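First up is the structure itself, then whatever we jot down about it.
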Amino acid sequence: QGQLVESGGGSVQAGGSLRLSCAASGRIYSINVMGWYRQAPGKQRELVATITSGDITNYADSVKGRFTISRDNAKNTVYLQMNSLKPEDTAVYHCNADLRETYYHRAHVVWGQGTQVTVSS
């Protein structure tokens, strides 16, 4: 079954940058939409950005102009370049993917475990 593993989180000062990666592995036939979501302590999980297999992107208003989502379809990997980070960007960042394991499987959403991003002022 398809699995997602995130990497690249860490601690950074305000104004700094981080790049997150999320690689899908296992049995994968196709991946449609891939995305990044985040959850801060005491808050609900929220959308950060999504990208389709045709590279159509969508961003939350709070990250537009600062974050860039991209993907490498050959590697089944999605990236999130985060610039001009703010303390309010502090959260656990999760990636997800709408994927099919084989031609005969229905598409379903798979989530990664998450990676912590901490931005200090």
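Miscellaneous remarks
- Sequence-ordered 3J(HN,Hα) estimates for region 19-26 from the Karplus curve with 6.51, -1.76 and 1.60 and θ = phi - 60° stand at 10, 9, 10, 9, 10, 8, 9, x Hz, glycine and proline given as x.
- Accessible surface, per residue, of the chain when the full set of protein chains is kept, probe 1.4 Å, Å²: 54
- Karplus-based coupling profile of region 97-104, in residue order and whole Hz: 8, 9, 10, 10, 6, 9, 4, 8, with θ = phi - 60° in 6.51 cos²θ - 1.76 cosθ + 1.60 and x standing for Gly or Pro.
- Sequence-distant lysines (8 or more away, or on other chains) whose Cα lies within less than 21 Å of K86: K43, K64
- Partner aspartates and glutamates for K75 [C-alpha distance under 18 Å; skip if fewer than 8 residues away on the same chain]: E6, D55, D98, E101
- Nonpolar atom fraction for the chain, defined as the carbon and sulfur part of the 1.4 Å probe accessible area, stands at 46 percent.
- Label reach from K86 (point 7 Å along Cα→C-beta): in region 49-64, amide nitrogens under 14 Å belong to 60-64.
- Cα convex hull of region 1-106, projected area averaged across orientations, nm²: 6.9
The values are calculated or read from the model by the stated rules, or taken from the named source; none is laboratory data. Nothing here was measured: the structure is a model prediction, and the numbers come from that model. Glycine also receives a Cβ, built like all others from the backbone with ideal geometry; neighbour counts cover every protein chain displayed. To get the accessible areas, we keep the full protein, side chains included, count just its heavy atoms, and leave off ligands, DNA and RNA. Shrake-Rupley method; radii C 1.70, N 1.55, O 1.52, S 1.80 Å.
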